[in-house]
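Chemist: First, the structure itself, so that you have it in front of you.
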Amino acid sequence: MEFINNKKEFRFEASVDGGEPATLVYRWLKGSMVLMHTVVPVSARRQGIGSALVKYVLDHAREHHLKIIIYCPFVEKYVDEHPEYKDLVAEKTVR
């Protein structure tokens with residue numbers, strides 16, 4: 001699986017065989033990366049692509065010394081299940 005940071009579209013993308021990429025959309029707020037929402041195409045769900053994408057984004061944030069603000073429930077669940085990433089969280093704002 002290949003991941004890219006599509007800075008023009010403000011989203012990370014994970015390649016999905018033969019279709020649209022899985023995406024995690026972000027914005028910036030006072031130097032923190034705000035993780036807005038994650039979308040995995042229906043045909044690619046239940047294959048771990050969303051989790052792999054979130055892990056990639058969190059590792060990217062750590063590597064670049066960024067704090068994150070979570071709006072996405074999928075990211076919130078992932079961080080709750082992987083406490084090694086909790087130190088990255090500046091704020092949770094899941095609706």
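Chemist: With label points built 7 Å along Cα→Cβ from the Cα atoms of Leu29 and Arg62, find their separation and express it in nm.
Modeler: 2.4
Chemist: Let me ask something else. Tell me, what ³J(HN,Hα) does each residue in region 75-85 have, in order and in whole Hz, if you take phi through Karplus 6.51 cos²θ - 1.76 cosθ + 1.60 with θ = phi - 60° and put x for Gly and Pro?
Modeler: Running phi through 6.51 cos²θ - 1.76 cosθ + 1.60 with θ = phi - 60° gives 5, 4, 4, 4, 5, 4, 7, 10, x, 5, 9 Hz.
Chemist: Quote the relative contact order of the chain in percent (integer), defining contacts as alpha-carbon pairs under 8 Å separated by 6+ residues.
Modeler: Working: 159 pairs, mean separation 20.9, N = 95.
Answer for the chain is 22 percent.
Chemist: Roughly speaking, what is the stretch gain from Glu9 to Glu76, that is 0.36 nm per residue apart minus the C-alpha to C-alpha distance, in nm to one decimal? Write out the running numbers ahead of the final one.
Modeler: Working: separation 67, 0.36 × 67 = 24.12 nm, distance 2.22 nm.
So the extension gain works out to 21.9 nm.
Chemist: Sticking with this one: If each of His37 and Lys86 carries a label point 7 Å out from its Cα toward its Cβ, how far apart are those two points in nm?
Modeler: Roughly 2.9 nm, to one decimal.
Chemist: Next question. Write down the radius of gyration of region 20-68 and its Dmax, each obtained from C-alpha positions, in Å.
Modeler: 11.8, 36
Chemist: Here's a follow-up. Could you work out the mean projected area of the convex hull around the alpha carbons of the chain, in square nanometres to one decimal? Present the calculation step by step, with values, prior to reporting the outcome.
Modeler: On the way: hull surface 24.2 nm².
Averaged projected area of the chain's Cα convex hull equals 6.0 nm².
No value in this document is a laboratory result; all are computed from the given coordinates. What you see is a predicted model, and the numbers here were worked out from it, not measured in a lab. Neighbour counts are summed over all protein chains in view; Cβ atoms, including those assigned to glycine, are modelled from backbone coordinates with ideal geometry.
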